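Have a look at the structure below, then the notes.
Bear in mind these aren't lab numbers, they're just calculated from the coordinates by the rules spelled out. This one's a predicted model, so the numbers in the text were calculated from it and none came from an experiment. Glycine gets a Cβ as well: all are built from the backbone with ideal geometry, and neighbour counts include every protein chain shown.
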Amino acid sequence: MPLLAAEFETIRLARRARGVDAGINPVAHARLLASTSFALLVGAIRRGTRLATAMDARGFDSGTARTNARGSQLRPLDTGFVAAAVLVCAAAVTVSVLTGRWDPALG
């Protein structure tokens with residue numbers, strides 16, 4: 001809805017800049033609101049069509065399972081990095097407990 005509201009305001013200001021104004025006539029206001037709403041509807045349909053085409057081009061809802069171009073593999077270097085990160089976290093907690101600075105967030 002915020003996107004449609006922003007686009008409605010853009011259309012309204014563009015028409016106002018072109019000199020299309022209803023003045024104080026309520027019938028002209030209704031006619032201008034109807035034509036602005038129609039322009040908003042057309043823009044929303046166009047945006048939806050472009051989005052559907054883009055999603056279709058990327059393989060969404062094609063009925064087949066999506067794949068990766070290159071599969072992910074856990075290498076020994078990755079395992080070492082995770083182990084080192086766990087050791088650093090454990091060391092930080094141990095040092096803070098031993099120095100009396102441990103203040104757990106959950107209690």
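Some observations on this one:
- Restricting the first member to region 80-107 and to residues that are small (Gly, Ala, Ser), and the second to residues that are surrounded by 10 or more Cβ atoms within 10 Å (Cβ to Cβ), the beta-carbon pairs closer than 7 Å and six or more apart or on different chains are Ser96/Trp102.
- Those residues of region 11-52 which are small (Gly, Ala, Ser) and over 16 Å from Met1 (Cα atoms), in sequence order: Ala14, Ala17, Gly19, Ala22, Gly23, Ala28, Ala30, Ala34, Ser35, Ala52
- Reported count of residues in region 33-84, each being within 22 Å of the chain's Cα centre (by Cα) and not aromatic (Phe, Trp, Tyr), is 21.
- Qualifying residue in region 55-64 (condition: surrounded by 10 or more Cβ atoms within 10 Å (Cβ to Cβ), assigned to a helix (DSSP H, G or I) and touching a Phe, Trp or Tyr at 6+ places or on another chain (Cβ under 9 Å)): no
- Test: residue in region 76-84 that is surrounded by fewer than 10 Cβ atoms within 10 Å (Cβ to Cβ), part of a loop (DSSP other than H, G, I, E, B) and out of contact with any Leu (no Cβ under 8 Å at 6 or more places or on another chain): no
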